[in-house]
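The values are calculated or read from the model by the stated rules, or taken from the named source; none is laboratory data. Values in this document were obtained by computation on a predicted structure and should not be read as measured data. As a convention, Cβ positions derive from the backbone with ideal geometry for all residues, glycine included, and neighbour counts pool all protein chains shown.
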Amino acid sequence: MDQAPGSPQGPQNRDPQHGGPQDPGPQDAHSLPGCYRHPDRETGVRCTRCERPICTDCMVDASVGFQCPECVREGSGTGHAPGASRPRTVAGGTVAADPRLVTKILLGINLFVFLVQYRLGDEFTDRFNLIGLVLDRQLASLEGVAEGQWYRLLTAMFLHSSYIHIMFNMLSLWWIGGPLEAALGRARYLALYLVSGLAGSALTYLLAEPNQPSLGASGAIFGIFGATAILMRRLQYDMRPVVILLVINLIITFGWGNIAWEAHIGGLVGGVVIGYAMVHAPRERRALVQYGVCALVLIAVVIVTVVRTAQLV
C-alpha cells in the first residue's frame with residue numbers, strides 16, 4: 001500500500017498537573033493529512049492519479065495502488081479514457097441494460113403502422129408501399145419511386161398485407177433479432193436492419209415489374225438471418241438450426257405466389273455482407289470498417305435506384 005511521507009501521530013502527552021496537552025514534540029510536527037472527503041480522518045494513502053489523500057472508506061483498489069472515487073468515475077480506475085473499460089459486445093457495441101430495446105421498438109413501429117393500415121385502408125397502404133411506376137387514375141398522375149418518391153424504399157419495410165404476414169415477420173424479428181441485437185449492440189443492429197431492408201427494396205425496384213406493389217419487413221428479416229449465420233459461424237456455434245430455418249424460408253419464398261423474392265434475396269445478401277463486417281472487423285479500426293461497409297451498401301442501393309429510375313423514365 002502506497003503511503004505518503006511522515007510518521008503516524010502517537011497519543012498526546014498531557015500535563016499531569018493540569019490535564020492539558022503539552023507542547024507538541026518533534027513527532028507531532030509531522031502529522032498526517034486528512035482525507036479530502038473526511039477531513040477529520042488522518043491518512044497516509046493518496047490517490048495514485050490525483051494525489052489527494054484518501055481514507056480507508058474512500059480508497060478504491062485499482063490496478064496500481066488506490067484511487068479516489070472521483071478518479072474511478074472519470075477514468076474507470078485504469079488511467080484510460082472514460083468508458084474504455086466498459087463491457088463490449090462481440091461486435092464492439094456497448095452492453096446495454098435492455099439488450100432487446102431496439103427490437104422492441106421495431107416491433108412496436110410495425111404493429112402501430114399495421115393498425116393504421118387497418119384503420120385507414122388501401123389509400124394509406126398505396127401511398128407508402130413500394131412501387132416502381134404506376135398511373136394513379138384518381139389523381140391522373142404517375143406515382144412511384146421513379147417519380148421521385150424514394151421514401152417508398154423505406155416506408156414499405158413497415159407495411160404488411162395481412163395478419164399472417166405480420167405475425168410471421170414479427171415472430172422472426174423477436175426470435176432472431178433479439179439475440180442478434182444483444183450480440184451486436186443497439187447502433188450496429190439498427191444499422192444492419194435498416195440497410196438490409198433498403199437493399200431488399202432496391203433489388204425489388206430493379207427486378208420486379210414497375211407496376212407491381214411490394215411491402216413487408218421481410219428484406220430486413222432476411223438480413224438478420226444472414227448476419228446471424230455469420231455470427232454463429234464466427235462463434236463456432238452449431239449452424240444447423242439457423243441453416244434449416246433459412247432453407248425453409250427460402251423454400252417458402254420461391255414456392256408460394258405473391259412473395260417478393262427479390263426483397264428476400266437482397267436483404268439476405270446485404271445482411272451477410274454487413275454481418276461479416278460487424279463480427280470480423282479488426283479491433284483497432286472496428287467502427288470504421290463496420291459503418292464503412294454499411295455506407296458502401298447504401299451507396300449500392302442509391303446506384304441501383306438511380307439506374308432503374310433512368311430505365312423507367
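Return the residue satisfying two criteria in turn: it lies in the stretch 191-211 and is of a type in the set (Gly, Ala, Ser) and part of a helix (DSSP H, G or I), and of such residues it is surrounded by the most Cβ atoms within 10 Å (Cβ to Cβ). Checking each candidate, the answer is Gly200.
Considering (1) modelled with pLDDT of 90 or more; (2) surrounded by fewer than 18 Cβ atoms within 10 Å (Cβ to Cβ); (3) more than 25 Å from Tyr151 (Cα to Cα); (4) of a type outside the set (Lys, Arg), the lone condition that Ile248 does not fulfil carries the number (1). Looking only at the stretch 296-313, residues that are small (Gly, Ala, Ser) and either under 13 Å from Val145 (Cα atoms) or exposed (fewer than 12 other Cβ atoms within 10 Å of the Cβ) (or both) come to 1 in all. What about Ile248, is it touching a residue at least 24 places away in the same chain (Cβ under 8 Å), of a type in the set (A, V, I, L, M, F, W, C) and in the same structural domain as Val297 (by TED's automatic domain parsing)? No; evaluated as a whole, the condition is false for this residue. Checking each residue in the stretch 172-217 for being among the hydroxyl-bearing types (Ser, Thr, Tyr) and either under 16 Å from Ile131 (Cα atoms) or within 14 Å of the chain's Cα centre (by Cα) (or both) picks out Tyr189, Tyr193, Ser201, Thr204, Tyr205, Ser214. Within the stretch 181-190, being part of a helix (DSSP H, G or I) and surrounded by fewer than 24 Cβ atoms within 10 Å (Cβ to Cβ) holds for Ala182, Ala183, Arg186, Ala187, Leu190. Within the stretch 34-49, residues that are in contact (Cβ under 8 Å) with a residue 40 or more places away in the chain sit with their Cβ atoms under 6 Å from residues that are assigned to a loop (DSSP other than H, G, I, E, B), at 6+ positions apart or across chains, in these pairs: Gly44/Gln3; Gly44/Ala4; Gly44/Leu32; Val45/Ile54; Val45/Met59; Arg46/Ala4; Thr48/Val64; Thr48/Gly65. Confirm whether Leu231 is assigned by TED's automatic domain parsing to the domain that holds Ala187, free of Cβ contacts under 8 Å to residues at least 40 places away in the same chain and surrounded by 14 or more Cβ atoms within 10 Å (Cβ to Cβ). Spelling it out, it is not the case that Leu231 is assigned by TED's automatic domain parsing to the domain that holds Ala187, free of Cβ contacts under 8 Å to residues at least 40 places away in the same chain and surrounded by 14 or more Cβ atoms within 10 Å (Cβ to Cβ). Leu142 meets all of the listed conditions (1) modelled with pLDDT of 95 or more; (2) assigned to a strand (DSSP E or B) but one, namely (1).
Does Gly92 meet the test of being in a loop (DSSP other than H, G, I, E, B), small (Gly, Ala, Ser), at pLDDT 80 or above and on the phi > 0 side of the Ramachandran plot? Taking the combined requirement at face value, the residue satisfies it.
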